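Coordinate-derived values only; no laboratory data. Since this is a predicted model, take the numbers as computed values, not measurements. In this analysis, Cβ positions are derived from the backbone assuming ideal geometry, glycine residues included, and neighbour counts consider all displayed protein chains.
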Amino acid sequence: MNKIIRTWGGIVGIGCCQLAFAQVVVLQDARATYLRVNNDAALDAPAIALTSLGVAPGNVLQMEVVGDFSRQGTGGVRIDKTTAVFSSSAVLLSGTNLNRVQGAIDAGTDIATLNTWQGGLSTDIAQDFEVNPNAVPERILQIPAGSTHIFFSPFDDFFEDNVSFGYGVRFTKAVSKSIKGTCNLQEYIDPINTFVTVEIIKRGVVVESQMTPLTVGGNYTIFTLHTGPGYSVRAKGSHWLAQRIDNVTLSSGMVTLNFDLVNGDIDRDNAVTIFDYVELSTSFDKGIGENGFNANADLDGDGFVSIFDYLILSNSFDHVGDELS
Ligand SMILES: [Ca+2]
Ligand SMILES: [Ca+2]
Ligand SMILES: [Ca+2]
Ligand SMILES: [Ca+2]
């Protein structure tokens, strides 16, 4: 019922074989839960030893649902909403108990689970959390002290009719790593201390967003715990179009990503249009400190909205920035 697949690990370095990240996918029968059940031939969720995932208390664990499940037979509504709970033991009491996970340890924000379909009994325990909260595909948590196991469950109120479609959770030990590179701001005179927003994206959803100042030459560095393949990273400056780089693998050490941002998005809607012209016109001939000066219309950063800014905007006209996916 519970099958552990050690999918793969990334290897970096030449001649030394330093392990960059190891991912373990645990497939689980979608009828299995650690929650209380009532008149429901549900299965017991297996206790997953943290040692089998290569992690220990204090480590940061990244969790991501793989596949999905049907809530009702093979043709039912398919979802992947999943909850999980850490425990100090492998004990799972019988399904009639509310607190079945005897050693449950609190982590993350509590997820309110549904009452049983039969009889409307409460299933909600305080210690569990959602693996994919509000459709964010990943959850990153520090493993609480005392934990030895983790249980997970489909989010449902009646389990015996569930059908798995490759359903499970991918566990990855998250380690801090840097993303660095340059943001070329094109015609902008001095990038130093100009802020850009760097977004880390998984399946079209922003899983982390950081504002970072540029240094000499437009260099930037951010640190992240997100780990593994399949990410996109997007950069956006105040009056520059967003640029997205796909198929980024976040492995240990450093990932270098260089951006070349198109200048001219004065109104920050991620497209250079007539509305940006309007903003520029409104601020035209104005300098820093003058009434009506719009710093975002000063595209070259010389402290004055002039014909040079107009030329930049003309060059970028009709360009559109990258979306999340
Ligand atoms: Ca069901
Ligand atoms: Ca709960
Ligand atoms: Ca615009
Ligand atoms: Ca200017």
* Computed E for GLN118/VAL91 - FRET, C-beta separation, R0 30 angstrom, nearest 0.05 -> 0.75
* Structure fact -> antiparallel share of DSSP beta bridges within the chain, to nearest 5, in %, is 90 percent
* Asked: Taking θ as phi - 60°, what are the ³J(HN,Hα) couplings along the range 41-51 by the Karplus curve (6.51, -1.76, 1.60), each to the nearest whole Hz, with x for Gly and Pro?
  -> 7, 6, 9, 7, 5, x, 7, 9, 5, 4, 5
* **Nearest 10 degrees, 0 to 90: helix 307-316 Cα axis against the chain principal axis** => 40 degrees
* **Entries in LYS81/LYS180; LYS173/LYS236; LYS81/LYS202 that, when Cα-Cα distance is taken, lie over 27 Å** => LYS81/LYS180; LYS173/LYS236
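Pop the C-beta distance of GLN72 and THR51 into the FRET formula with R0 = 35 Å and round what comes out to the nearest 0.05. Walk me through the numbers before you get to the answer.
Working: r = 36 Å, r/R0 = 1.02.
Efficiency, rounded to the nearest 0.05: 0.45.
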* Enter the Cα centre distance for the pair the range 240-303 and the range 137-204, rounded to the nearest angstrom. => 27 Å
* Given labels modelled 7 Å from the Cα in the Cβ direction, how far is it in nm from GLN142 to ILE192? -> 3.6 nm
* **Efficiency of FRET from Cβ geometry, VAL206 and ASN296, R₀ 30 Å, rounded to 0.05** => 0.85
